[in-house]
Amino acid sequence: METPLTRNIALGKMPPDLAQYEKAGGYAALRKALRMAPGEVMAVVKEANLRGRGGAGFPTAQKWSFVPMGDDAPHPKYLICNADEMEPGTFKDRLLLEGDPHQLLEGMIVSAYAVQADVSYIFLRWAYKLAAQRLEQAIAEAYRQGYLGRNIAGSGYSLELHLHVSAGRYMCGEETALLNALEGKRANPRAKPPYPQVSGLWGKPTVVDNVETLCCVPHIVNHGAAWFKSLSRCSDGGTKLYGVSGRVNKPGLWELPMGTPIREILEEHAGGMRDGYKFRGLLPGGASTDFMITDHLDVAMDFDSMQAAGSRLGTGTMIILDDKTCPVGMLHNLEHFFAQESCGWCTPCWSGLSWVEQILKGLEDGKGQASDLERLQSHARLLGPGHTFCALAPGAAEPLQSGLKYFADDFDWHIHEKRCPWK
C-alpha cells in the first residue's frame, strides 16, 4: 500500500470491473464511512492533511467545512469532480480515470457523504474518450450494485451521479467557470465571494475537487490519517502522481511519496536526459508554473518547498527544457495557448496575453527590439495576481516572468542577432 492510487492499475490491461475492485478491497471505505457521521469522515480527512491535487493545494477538509450542514442547510447540495485536465504537460488524472474508475467513484461517494451532497457530477475533458467509456461502465455497475442511487447500502443516504463531457476549453478547469458551463452558460469565472461551497451550482452549496484528490479519500478512510501521513516525506499527507515529459530517457508518470526531490524524479525515475541533450530548466507543475533551473534540482516536490523556491507544485507534472530547444520559442508556444484559451472576461487577460504572444512572435521572427523586454516585464507584472478575475492570466505570467529572469541571454541574442539561433 505504498502506492494506493495506482495499486490496481496495470498499463495495457483493462481496469478492474466492480467485482475485481471489490475483491481488492474496493468500496470497503464507503461501507465504513456510512457507519460514521459525516463530520467524522471530514475530521479524518482533515487530520490526514490532504491538500488538493489540482494545483492550488488548498486543504481538502477545510474546503468541505465551508459547506452549510444541518437540518437548515439548503438542498440540493452538489459535489463535482473536476476532470477537465487541459493544463499543458499534465496527464496524471487520465491515468486514474482510465486505469481505475471505481476508485474515483468510491472517492466521490464518500466525499459527497461527508458534505451530505445529493447530486454529483464528473466534469470530463472532451478528448478523454476512453475515460468516458470506462466511467460510464463503472457508473452503471455502481448503480446496479446499490452504491449509487436511493438508500445506498441501506444507510438512508442517497446520491445521484452523472458524467458530463465538456465541450472543451481550458477555462472550464477554473471551478466557477466549470459551474457556469454545467449550467449551460458561457464558461466565464464568477466573482468571489460568494464561494461555491455556499452558492455554487444553480446557487446551491457545491464542492469542486480534482480527480487525484478524490481518489485519495477512500484510502484515508480505510487506513486512517496516521497511515496516510506516513506515506509522505513532508508535512503534506500522502503520495503524489509525478510526471515528466520532454527529452528524457523514460518520460512517464509515477506514484511517489509527497515531497520527493526533483533530482530523484528526473534522474532515477525518468532516466535522466537523452544522449546528446543537456538539462536547462523545467516547469514543475504544468505550463502555468515558474521555471526552475539546475540550482533547484534538490528542491522537494511539495507545496511549501516549491513555493519557497519561487515556483509552485501545480499538478506535479514536469515539462523539461533541454539545451536544443529555444526558451523564447517555448514561451511563445505556451503564451499562444493561453491567449487562445482566455475567455475574454477581463481586459488584462484577453488583451494582455495577445500582446505577449505578438511580442514573443516578433522576437522569434527576428523583429525584436530592446524595448520589448521592458514590455514583457510590464505584462508579467500586470497579468499577475490581483489584476484579473481568475488565475488563468497569473498562471500564464509565471513561465513568462521566470523565463525572462533565467534565460535573459537568449532574449538578448534574439534581439541583437535578429533571429532565433535554433531555427
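Tabulated data
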{"quantity": "Matching entry among GLY238, GLY252 (being within 20 Å of the chain's Cα centre (by Cα), surrounded by 17 or more Cβ atoms within 10 Å (Cβ to Cβ), among the small types (Gly, Ala, Ser) and at pLDDT 95 or above)", "calculated": "GLY238"}
{"quantity": "Unique residue being farther than 25 Å from SER311 by Cβ and either at pLDDT below 95 or part of a helix (DSSP H, G or I) (or both) when the list is ARG94, ARG144", "calculated": "ARG144"}
{"quantity": "Test: residue in the range 129-138 that is in contact (Cβ under 8 Å) with a residue 40 or more places away in the chain, over 16 Å from TYR27 (Cβ atoms), acidic (Asp, Glu) and open to solvent by 60 Å² or more (accessible area, probe 1.4 Å)", "calculated": "no"}
{"quantity": "Residue satisfying condition, being among the polar types (S, T, N, Q), part of a loop (DSSP other than H, G, I, E, B) and over 21 Å from GLN145 (Cα atoms), within set ASN82, ASN49, ASN8", "calculated": "ASN49"}
{"quantity": "Tally, over the range 43-71, of residues that are open to solvent by 30 Å² or more (accessible area, probe 1.4 Å) and either under 23 Å from the mean Cα position of the chain (by Cα) or modelled with pLDDT of 95 or more (or both)", "calculated": "15"}
{"quantity": "Single match in PRO4, PRO38 (criterion: closer than 29 Å to GLY259 by Cα and either within 21 Å of the chain's Cα centre (by Cα) or open to solvent by less than 40 Å² (accessible area, probe 1.4 Å) (or both))", "calculated": "PRO4"}
{"quantity": "The lone exception for PRO327 - which of (1) of a type outside the set (Asp, Glu); (2) touching a Ser or Thr at 6+ places or on another chain (Cβ under 6 Å); (3) modelled with pLDDT of 95 or more it fails", "calculated": "(2)"}
{"quantity": "All positions within the range 365-388 that are farther than 24 Å from ALA177 by Cβ and either surrounded by 20 or more Cβ atoms within 10 Å (Cβ to Cβ) or out of contact with any helix residue (DSSP H, G or I) (no Cβ under 7 Å at 6 or more places or on another chain) (or both)", "calculated": "ASP365, GLY366, LYS367, GLY368, SER371, GLU374, LEU376, SER378, ARG381"}
{"quantity": "Yes/no for GLY26 being small (Gly, Ala, Ser), part of a loop (DSSP other than H, G, I, E, B) and either open to solvent by 30 Å² or more (accessible area, probe 1.4 Å) or modelled with pLDDT under 95 (or both)", "calculated": "no"}
{"quantity": "All positions within the range 370-402 that are touching a residue at least 24 places away in the same chain (Cβ under 8 Å) and in a loop (DSSP other than H, G, I, E, B)", "calculated": "LEU383, HIS387, THR388, PHE389, CYS390, ALA391"}
{"quantity": "Given (1) among the hydrophobic types (A, V, I, L, M, F, W, C); (2) more than 17 Å from SER311 (Cβ to Cβ); (3) open to solvent by 40 Å² or more (accessible area, probe 1.4 Å), number of the condition ALA391 does not satisfy", "calculated": "(2)"}
{"quantity": "Residue that is in contact with a Phe, Trp or Tyr (Cβ under 9 Å, 6 or more places away or on another chain), in contact (Cβ under 8 Å) with a residue 40 or more places away in the chain, over 30 Å from CYS390 (Cα atoms) and aromatic (Phe, Trp, Tyr), where the choices are TYR170, TYR195, TYR157", "calculated": "TYR157"}
{"quantity": "Matching strands (runs of 3 or more DSSP E) fully within the range 219-309 where at least 3 residues are under 22 Å from ALA61 (Cα atoms)", "calculated": "239-245"}
{"quantity": "VAL221 being modelled with pLDDT of 95 or more and out of contact with any strand residue (DSSP E or B) (no Cβ under 9 Å at 6 or more places or on another chain)", "calculated": "yes"}
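The values are calculated or read from the model by the stated rules, or taken from the named source; none is laboratory data. The structure presented is a predicted model; accordingly, all values stated were derived computationally and were not measured. Glycine also receives a Cβ, built like all others from the backbone with ideal geometry; neighbour counts cover every protein chain displayed. We work out accessible area using only protein heavy atoms, side chains counted, and drop any ligands, DNA or RNA first. Shrake-Rupley method; radii C 1.70, N 1.55, O 1.52, S 1.80 Å.
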